[in-house]
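The values are calculated or read from the model by the stated rules, or taken from the named source; none is laboratory data. Just so it is clear, the model here is predicted, and its values are computed rather than measured. Glycine gets a Cβ as well: all are built from the backbone with ideal geometry, and neighbour counts include every protein chain shown.
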Amino acid sequence: MDIELLKKTAKQMVAPGKGILAADESSGTCQKRFESVGVPCTEENRRAYRETLLTADGLEQYISGVILYDETIRQETNEGEAFAAVLEKKGILPGIKVDTGAKELALHPGEKVTEGLDGLRERLAEYKTLGARFAKWRAVITIGKDLPSPACIHANAHAMARYAALCQEAGIVPMVEPEILIDGDHNIERCYEISTATLKKTFEELAGQDVAVEGVILKTSMVIAGKQAKSAEGGSSSGGQSGMEEVAKETIRAFKETLPAGLTGVAFLSGGQTDEQATEHLNAMNATGKLPWPLSFSYGRALQNPVLKIWAESPNANIAKAQAALLFRSKMNSLATQGRYSSEMEKERPY
C-alpha cells in the first residue's frame, strides 16, 4: 500500500473550493430520473447525458472528482475518447461506485445491508486499469420505531471497513458513505443520536481493519430532521424541520464527537434536500470558522436536477444550456465550501 499516494489523492478530492460530482446512478435509478423528464432510458441516452456532464468546459474549476457507474467508466465520447481520460485531462479524478446495492438484512425487517464484497479485489484491479483513482460504497441507515438496530449499524460498518481495506490494498482511495436517510418523522436530536452511533461504529471498524484514515474520504449525511417531522408544541427546536444554523451546529458537533483528527475530509451527500438547501447548509458550516477537516460536497441530484431537465427538453440542442446550469450549481457549492455563498447569488442562475 502506497500511503503517500493515497493521501495525495484524498487531499485532491477535498481540495479548497472543490467538490465531487456524483454521476454514478445505477441503470434502475437512471430509468426513474429519465422517465420523470420524458426521455427513454437507453444506453445511448445515458451515455449522451453523461457526456454532457463530463465535457462541460471549466468544470475543473469547481469539481475535483466524478463518481462513475460501471457502465459509464467503460463508455466514450462521440469522438471515441474514454470518459475517464476526458476527466484526467481536465485534472479531475475519475471515481467508481463498487457496491452492488443495499439488500434486506436477514432477521431485521425494514433494514438493509450493502453487498458487493465478493470478487471486489478483482473488480478493483480492473477499475484501476480503466482509470479509477477512488471508489465509493454506500450504506443506508433508516431511522424509525426501534430502528436502526445495533446489528444493522454493525453489519454496514463492518462491510464498509472490509471494502475500504481492499481499496487501499489496490491503491484506490475509499470513499466511505454511511447515509442516514432523511425519510421519516424523527427530530434532529434523534438524527444526531443515530449519526454519532453510526459514525463511531464505522471508524471503529475501519481501525479494526487497519485502514489508514489519512487515505479515506467520508461521504455522509448532514444531521437534519426527517422530512415528515412535525413541529413541536411551543416551537421547540427539538421538533419540526431543522433551521439552517441548527443543521450546521449539530452536524459539526456530531463530527467533533466521532471523527478522527487524521481523516482527510468530508464530502456531504445531499440526501433529498433541495438544491439550494444543500448549498445553504454546506455554506453555514464553513462560515463558522476553522474546522478540523475540510467540509465539501459530493452531490448527485443537488447538482444535476436543473441540468437533466434542460438537457431533456432537447438533448441535441440544449447541451450548452445544460452545461451552464451544471457549472452554476457547481460554482455555488464551491463558494459554499469557502463560506462565501449567499442565496442572493441564485438570482444570477442561467435557468
Quiz item: Only one residue in Tyr341, Tyr351 is over 17 Å from the mean Cα position of the chain (by Cα), crowded, with 20+ Cβ neighbours inside 10 Å, at negative phi and assigned to a loop (DSSP other than H, G, I, E, B). Which one?
Solution: Tyr341
Quiz item: Looking only at the range 130-149, which residues are farther than 22 Å from Gly265 by Cα and either within 17 Å of the chain's Cα centre (by Cα) or touching a residue at least 12 places away in the same chain (Cβ under 8 Å) (or both)?
Solution: Leu130, Gly131, Thr142, Ile143, Gly144, Leu147, Pro148, Ser149
Practice problem: Could you check how many residues of the range 8-32 are touching a residue at least 40 places away in the same chain (Cβ under 8 Å) and either under 30 Å from Glu313 (Cβ atoms) or within 14 Å of the chain's Cα centre (by Cα) (or both)? | Solution: 12
Quiz item: Of the residues that make up the range 122-129, is at least one in contact (Cβ under 8 Å) with a residue 12 or more places away in the chain, of a type in the set (Lys, Arg) and farther than 18 Å from Glu88 by Cα?
Solution: yes
Quiz item: Scanning for something hydroxyl-bearing (Ser, Thr, Tyr), under 20 Å from the mean Cα position of the chain (by Cα) and within 30 Å of Glu193 (Cβ to Cβ), does the range 95-103 turn up at least one residue?
Solution: yes
Practice problem: Evaluate the range 155-174: report whether one residue or more is within 23 Å of Arg253 (Cβ to Cβ), modelled with pLDDT of 95 or more and of a type in the set (S, T, N, Q). | Solution: yes
Quiz prompt | Scope the range 129-161; condition of a type in the set (D, E, K, R) and either on the phi > 0 side of the Ramachandran plot or buried (at least 16 other Cβ atoms within 10 Å of the Cβ) (or both); matching residues | solution = Arg133, Lys136, Arg138, Asp146
Practice problem: For the range 64-75, indicate whether the set of residues that are of a type in the set (Gly, Ala, Ser), loosely packed, with under 15 Cβ neighbours inside 10 Å and at negative phi is non-empty. | Solution: no
Quiz item: Just checking, which of Thr288, Thr258 is polar (S, T, N, Q), closer than 26 Å to Val211 by Cα and in contact (Cβ under 8 Å) with a residue 40 or more places away in the chain?
Solution: Thr258
Exercise. Having 2 or more residues that are more than 30 Å from Ala48 (Cβ to Cβ) is the bar; report the strands (runs of 3 or more DSSP E) wholly within the range 80-152 that clear it.
Key: 102-104, 112-114, 134-141
Quiz prompt | Selection count where residues are within 17 Å of Arg123 (Cβ to Cβ) and either more than 17 Å from the chain's Cα centre (by Cα) or among the small types (Gly, Ala, Ser) (or both), scope the range 56-71 | solution = 1
Quiz prompt | Complete set of residues in the range 1-39 that are among the hydroxyl-bearing types (Ser, Thr, Tyr), part of a helix (DSSP H, G or I) and surrounded by 12 or more Cβ atoms within 10 Å (Cβ to Cβ) | solution = Thr9, Ser27, Thr29
Self-check item: Unique match (being over 24 Å from Lys128 (Cα atoms) and surrounded by fewer than 18 Cβ atoms within 10 Å (Cβ to Cβ)) among Gly262, Gly184
Solution: Gly262
Quiz item: Given (1) among the charged types (D, E, K, R); (2) surrounded by fewer than 19 Cβ atoms within 10 Å (Cβ to Cβ); (3) in contact with a Leu (Cβ under 9 Å, 6 or more places away or on another chain); (4) within 29 Å of Pro350 (Cβ to Cβ), where does Asp275 come up short, assuming only one miss?
Solution: (2)
Quiz item: Only one residue in Glu4, Glu35 is closer than 30 Å to Gly339 by Cα, acidic (Asp, Glu) and free of Cβ contacts under 8 Å to residues at least 12 places away in the same chain, so which one is that?
Solution: Glu4
Self-check item: Answer from Glu177, Glu189 - the residue that is modelled with pLDDT of 95 or more, of a type in the set (Asp, Glu) and surrounded by fewer than 20 Cβ atoms within 10 Å (Cβ to Cβ)
Solution: Glu189
